[in-house]
Structure formats: C-alpha cells, structure tokens
Amino acid sequence: MPAEPRIISFREALREAMAEEMARDDSIFLMGEEVGHYNGAYKVSEGLLERFGERRVVDTPIAETGFAGVGIGAAMVGLRPIIEFMTWNFSLTAYDQLVNSAAKLRYMSNGQFRLPITFRGPGGAAHALAAQHSQAVESLYAHVPGLKVVVPSTPADAKGLLKASIRDDDPVCFMESETMYAMKGEVPSEEYVIPLGVADVKRAGDDCTVVTWGKMVHRALEAAAQLADQGVSVEVLDLRTIRPLDTAAILASVRRTHRLLVVQEGWPFAGVAAEVIARVSHEAFDDLDAPPERLTNVDVPMPYAFNLEAIVLPSTERIVAAVRALCDGAVRAARAAAGGR
Amino acid sequence: MDAALLTDLYRQMSLCRRFEEAAARAYSQGKIKGFLHLYIGQEAVAVGALSAAAPTDYVVATYREHAHYLARTGDARGAMAELFGKATGCVGGRGGSMHLFDAAHRFLGGWGIVGGHVPVAAGVAFASRYRSEDDVTLCFFGDGTANMGAFHEGLALAAQWKLPVVFICENNMYAMGTPLYRTLAVEDVAVRARGYPIEAEIANGDDVLEFREVARHAIDRARRQHLPFFLEAKTYRFRGHSMADPAKYRTKEEVQQWMERDPILILGRRMERLGIASADDLKAIDDEAKAVIHDAVAFAEESPQPDPATVAEHVYAG
C-alpha cells in the first residue's frame, strides 16, 4: 500500500535531513550562530540540541571566519561538520576560509585529504532587507573549483539534497531561502537521497526551456502557467545543483525546445546564467532558434524601498515577457529567413 | 644531559639549514620558482617544539614550513622534489614550497594566507576533543599574524571551547619588511593571548633546549587539561622575507648580532662544553646532513615533472 502523502515545510525537511544523518553517523555535528539554545535563527535546527546535546549542536559566537575554519580543520581529520551561516551574506566574512582553505585543500595536498563539510543557510533576497542582507551568492561560490553548490527549490529536494551534501566527501555550499522556509510540499516518508549534479524537470514543455534554481523555480512555474494560457509551452528545468552543473540535462532540453531563457536571482556580470548560456552556445549552437537570453537582478546593490526591490528581482511578469520575446523573435526570424513578412 | 637527544637536535637543525641553503642555490639557478620563504636562523623553534611533541600530535604551519615538515617527517627528498615542482614531491608538485602536506605524519600544511590556518588548527583540536582523543595540535605562525581577524577568531574559539591546541608565535620581529613596533601596539604578541584568556609564555627561540622545554610544558598542559596554550618564541630570520626580499630594512649590525645567536652554533658550543661532541663530531653530523640534502637535490633533479594528464585530478573526491 503506498504511503500517505506527507506534507511538511521546507524547514522541517531540512531539519529531518540533519536529524536523520546525525542519528546515522556520530561524526556529524551542527555548528553555527543560534543553532542550539535559540533553536535556530529561522528555526531550522529546532529541537536538535535537545535531541543530540551540546557536543553535537554547537552554538558559536559571531565569528564566521573562526567557526568556518574550525569546521574545515575538523573535517580534515575525519569529522563531517554542518556549518550553518545565519545567512550566506555573512559567509562573505569567511570567504577566505571557503575559497582559500576549503576549496583548495584537496588539490594542494595532492588528494591526501578529503573535506566532507556542508556549509548551509539562507541566501538571496528576502523582504526589504536592503543591500547587505539580500545577496544571492551562488555565482561567487560556483566560480571556485573545489566547491560544490546546491540550491534546492522544494521541501522534497531540500531533504534529499541536504542528505547527499552531508554524505559528500567534498565541501558543499547549500543555499536555502528565508522566504521558502515555510513553504510546504510533499516529502516521502521513506529514506531517500537525491544525488548532487542532477537537474530536474519541474514542468515539461516544448517551446522554450527556462533554466533556473532555488526560489526562482516558483516564479518560472507561475510564468509557465500563464504562458500556457497564451499558447506557449514552457519547460522549467530546475538545476538543483549549480556545481557540478548538469550540462547534459540542459542540452537535452534545449535541443528539444530550441530556445533558452536562464532566470537567475543575483547579478548578471559573470554569473551562473552566463555560464549556462556559454555552454549551450558552444554545445548546441545549431539547435537554437533564437539567441539564448538571461533574466537576472538589475545590476545594482539591493535597494530597501519595496517598489525598488520588486523592480530589481526577476518577476513572474518579466519572465513571461522574456519568454514571449524569445518565442516571438524566433517566429519573426523564421519568417524573415523564409522571405515572408 | 641526554647526549643522544642533543645530537639528534643538532642533526635536525643542520638538516633544515642545509636544506634551505640548497633550496636558495636552486632558486638562484631558476630550478625553484615562485615564493621561497627561508627559515634560516629560526630552526630551534620548529625542531625544539616538534621534538617535544608526540609523533601523533597534529602540526599546522604556514608558508615558511620547510623545517617543520622536515622535523616531523624527515622527508628531505619529498620536500626538495616538491620545491622543484616534481611528481615525486610530497604533494606531487601541486603545492610547492608553501603547501607541504603529509597526512600519514599528521603534517597538515603548508598554508599560504596569513592567519587563515589558525581557526583550522583550532578545528583539528576540536575534533580531538569531540572524539575524546588526547592528541594536541601545534599551530605555528609569525608575528605578522597577530593583527589578522582569523588569528583573533581562532584564539577566541580555542579559549571558549577549551581546545587542546598550542599556538606557537615565531616572533622574528618583522612582518615581511615592516618591523613589529610599527604595526603592533604591544611589544610582546603573548600579551594578546592573555585576554582570551589563554595562558602564554615567552621563550628564547634561539636555544633549542630551552624552547623544547617550554614547548614540552605547553603540550603537556594542553593534553592533560584540555586547554590551549600560547608560546611566543623570540627569534630572527637571517634572510629576507622571501628570496625576492634583499632585507634592506635591517642594518648589517643587527643581522650580525643575531647571527651570533645562531641556534646551531649555540647548541654546538653547548655540546662541546658538555663533552658530548667535539668540533670534529659536529662537523661529521653536518657533513651527513649535507650528504642527505645532496641526495635530495639529485633526487629532485632527476625526478619527472607531473604528468600533464593529471592536471585536473584531486579537485574533488567524487
């Protein structure tokens, strides 16, 4: 008999992933600001201190460089730390630890050390948090060889991908979202793990591929629903893992739809969207019916004003318009090529 | 006095000295490139401290770590081949002078960003405490580290969590070309440690026996009481910050004064005075060190470069 569908929140899914893995493996511990006695700044770790004790749920001072480095040292000699950043914005004070220590240890030591460590926390814009607390930093971390970057979009993916990240023998940057912690979704009752590096088609379609990840997946799905009403069939491909990038899945989709829009929260310059488009342009140039397009944040630090923030972020309306332009443009180009009007 | 111990310390310091002299020659011949930071003059600190540690205690060091690596592993061939960028180097030519590692000997780098390895060392000690193991972590760094945020955070966490790590500040009085008094508002770096609070001691870094003794005390205390300890070694590097630095910011007289306190000379004189070794005996030990280094250089020269096909290996475990 199939199990009852189980609906839980994103934050509960993350908590389950950590609790299940911690119960399975004593070398796993959770460390970060407010993770223990406060039960998590966003309540992701609620109850974990009570269940696992202070040895394994470790409150830290506000010292990201310090506790990121402690996690790296502990992982070097065989522990499997989960390091929580209250937000990924604060990880920038520990950027040296992630980029210079975590990412390079294995290579510099010629493979003598593995570094099984997961850095996790919310990233991207929430609501009116202004310039220093609204940054989507996946492009900054995905740029660095040696790091893996995971950005889930649903509770089920979040749980399966976090379990995979914790079990992974490389440093993983796992990016959640304040705005999604309360989002609910169906999550299997039985044990499961979602391998890193595998994208997922969240909605199948034929006319245009929208590649995206994280909370932008939901805006892309809303846009796809509106576009379906307008007769445009959109495929929404959720990367889930930014690095390693599932290039094969992107190419397979684009080769079917012949059009590509990448929706990325964050700045355009040298971003993940640019990387996806570079790969598609190189590998599937002849399959494209229109120049690949990207939709990103406006290239500014995040303003506080509510209306300005809404303008900066990719919106459902902008996604709809971008897909329409791609499809209409392609139709016009095809007509021009055929000599028509 | 333990004659065998003194002889061994003399042998180790001679090996470090001859290793670096050979490396400097190879550098001027273009066989070693990049940055080469010599430790000449400071050997008593690494050799003394590692002689006091158990072979299972962890070592985390900086980019000026040839002597620490040699004192822990004795692997002159692997280190020299690494400096030459050869496949037989201790990290296969991927690290060079600044990034020596040997997992089997618990030699955990070889870190190139000033201060970055201090919290990492605290993390290694965190793991020892987490697993209820009694290993101690030794973390070496220079005086220039004392103003870095990572240094502060690493010490703060080690004190807060009572981690068994011995921080060893090698105060050679210069952060690259800047004398310490121009960049540090206190005379002794150890003063900083006491505020965390971490018990601190200042020791003569030119006398290997004296430094070995204070290190032994610090390591023992870290192991038994599960507490960090801070040692400041007063020492001096005879060469510039790196091979690119002619060290014109120091007077000849100052350098000369410190060279009279050469740790190898000090120990040699003591061994002669105690009747442990004659001048000829000391020369024989030094000749043996030269022979080992001669062999290491030949080994490095003859070794192949890394296979280009391996350039992308070891970025990820899986």
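The values are calculated or read from the model by the stated rules, or taken from the named source; none is laboratory data. Note that the coordinates shown come from a computational prediction; the quantities given were computed from them, not determined experimentally. As a convention, Cβ positions derive from the backbone with ideal geometry for all residues, glycine included, and neighbour counts pool all protein chains shown.
For this structure, a couple of remarks:
- Just one of the listed residues (A:M22, A:M18, A:M31) is more than 11 Å from chain B (Cβ to nearest Cβ), within 22 Å of the chain's Cα centre (by Cα) and surrounded by 21 or more Cβ atoms within 10 Å (Cβ to Cβ), namely A:M18.
- Checking A:L308, A:L251, A:L245, A:L313 one by one, the residue that is among the hydrophobic types (A, V, I, L, M, F, W, C), in contact with a Leu (Cβ under 8 Å, 6 or more places away or on another chain) and not assigned by TED's automatic domain parsing to the domain that holds A:S139 is A:L245 and no other.
- Qualifying residue in region B:1-10 (condition: aromatic (F, W, Y), over 29 Å from B:M271 (Cβ atoms) and surrounded by 23 or more Cβ atoms within 10 Å (Cβ to Cβ)): no
- Condition check for A:I250 on (1) assigned to a helix (DSSP H, G or I); (2) among the β-branched types (V, I, T); (3) within 25 Å of A:A103 (Cβ to Cβ); (4) touching an Asp or Glu at 6+ places or on another chain (Cβ under 8 Å): one failure, at (4).
- Search result, residues across region B:102-112 that are at the interface with another protein chain (Cβ under 7 Å from one of its Cβ atoms) and more than 13 Å from the chain's Cα centre (by Cα): B:A103
- Residue ID - nearest to the other protein chains (Cβ to nearest Cβ), chosen from residues in region A:46-57 that are assigned to a helix (DSSP H, G or I) and touching a helix residue (DSSP H, G or I) at 6+ places or on another chain (Cβ under 9 Å): A:F52
- Some residue of region A:79-87 being within 15 Å of A:I117 (Cα to Cα), more than 23 Å from the chain's Cα centre (by Cα) and surrounded by 16 or more Cβ atoms within 10 Å (Cβ to Cβ): yes
- Sole residue being under 23 Å from A:S165 (Cα atoms) and outside the structural domain of A:V150 (by TED's automatic domain parsing), chosen from A:D229, A:D299, A:D286, A:D238: A:D238
- Region A:271-294 - residue that is touching a residue at least 40 places away in the same chain (Cβ under 8 Å) and part of a loop (DSSP other than H, G, I, E, B) and, of those, surrounded by the fewest Cβ atoms within 10 Å (Cβ to Cβ): A:D289
- Meets criteria (at the interface with chain A (Cβ under 10 Å from one of its Cβ atoms), under 15 Å from B:V166 (Cα atoms) and among the aromatic types (F, W, Y)) for B:F140: no
Results for (1) more than 14 Å from chain A (Cβ to nearest Cβ); (2) more than 21 Å from B:Y39 (Cβ to Cβ), shown as yes or no for each residue.
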| residue | (1), (2) |
| --- | --- |
| B:R250 | yes, no |
| B:E254 | yes, no |
| B:R261 | yes, no |
| B:I264 | yes, no |
| B:I276 | yes, yes |
| B:V292 | yes, no |
| B:A300 | yes, no |
| B:A309 | yes, yes |
| B:Y316 | no, yes |
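- Matching residues in region B:282-305 - criterion: being part of a helix (DSSP H, G or I), small (G, A, S) and farther than 25 Å from B:T7 by Cβ: B:A298, B:A300
- Within region B:143-187, the residues that satisfy the criterion of being of a type in the set (A, V, I, L, M, F, W, C), closer than 15 Å to B:V60 by Cα, within 14 Å of chain A (Cβ to nearest Cβ) and under 20 Å from the mean Cα position of the chain (by Cα) are B:A150, B:F151, B:L155, B:V165, B:F167.
- Restricting attention to region B:212-226, the residues that are crowded, with 19+ Cβ neighbours inside 10 Å and touching a Leu at 6+ places or on another chain (Cβ under 8 Å) add up to 5.
- Only a single criterion out of (1) under 30 Å from B:R250 (Cβ atoms); (2) away from chain A (no Cβ under 14 Å); (3) surrounded by fewer than 24 Cβ atoms within 10 Å (Cβ to Cβ); (4) at pLDDT 95 or above is not satisfied by B:G74, namely (1).
- All positions within region A:114-134 that are surrounded by 20 or more Cβ atoms within 10 Å (Cβ to Cβ) and over 20 Å from A:K163 (Cα atoms): A:G124, A:A125, A:S134
- Beta carbons closer than 8 Å, at least 6 apart along the sequence or on distinct chains, pair a first residue in region A:190-218 that is of a type in the set (D, E) with a second that is part of a strand (DSSP E or B) for A:D200/A:L237; A:D200/A:D238; A:D206/A:E235; A:D207/A:V234.
- Residue that is nearest to A:R106 (Cα to Cα), among those in region A:167-190 that are surrounded by fewer than 21 Cβ atoms within 10 Å (Cβ to Cβ) and within 14 Å of chain B (Cβ to nearest Cβ): A:D169
- Matching residues in region A:34-64 - criterion: being crowded, with 21+ Cβ neighbours inside 10 Å and charged (D, E, K, R): A:E64
- Test: A:A74 is out of contact with any Leu (no Cβ under 9 Å at 6 or more places or on another chain), of a type in the set (G, A, S) and surrounded by fewer than 24 Cβ atoms within 10 Å (Cβ to Cβ): no
- Matching residues in region A:47-76 - criterion: being touching an Asp or Glu at 6+ places or on another chain (Cβ under 9 Å) and either aromatic (F, W, Y) or over 17 Å from B:E153 (Cβ atoms) (or both): A:L49, A:R56, A:V57, A:F67
- Just so you know, in region A:76-90 the residues that are in contact (Cβ under 8 Å) with a residue 60 or more places away in the chain and within 17 Å of A:L147 (Cα to Cα) include one that is nearest to the other protein chains (Cβ to nearest Cβ), and it is A:R80.
- Note on region A:293-316: residues that are touching a Phe, Trp or Tyr at 6+ places or on another chain (Cβ under 9 Å) and within 21 Å of A:I277 (Cα to Cα) amount to 4.
Table: residues versus (1) farther than 30 Å from A:L308 by Cα; (2) of a type in the set (S, T, Y).
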residue	(1), (2)
A:I117	yes, no
A:A128	no, no
A:H133	no, no
A:G146	yes, no
A:V149	no, no
A:K163	yes, no
A:E178	no, no
A:Y181	no, yes
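- Residues (modelled with pLDDT of 95 or more and over 15 Å from the mean Cα position of the chain (by Cα)) located in region B:226-250: B:L227, B:P228, B:F229, B:F230
- So A:S91, is it surrounded by 20 or more Cβ atoms within 10 Å (Cβ to Cβ) and out of contact with any Leu (no Cβ under 8 Å at 6 or more places or on another chain): no
- Test: A:P268 is in contact with a strand residue (DSSP E or B) (Cβ under 8 Å, 6 or more places away or on another chain), assigned to a loop (DSSP other than H, G, I, E, B) and either modelled with pLDDT under 95 or surrounded by 13 or more Cβ atoms within 10 Å (Cβ to Cβ) (or both): yes
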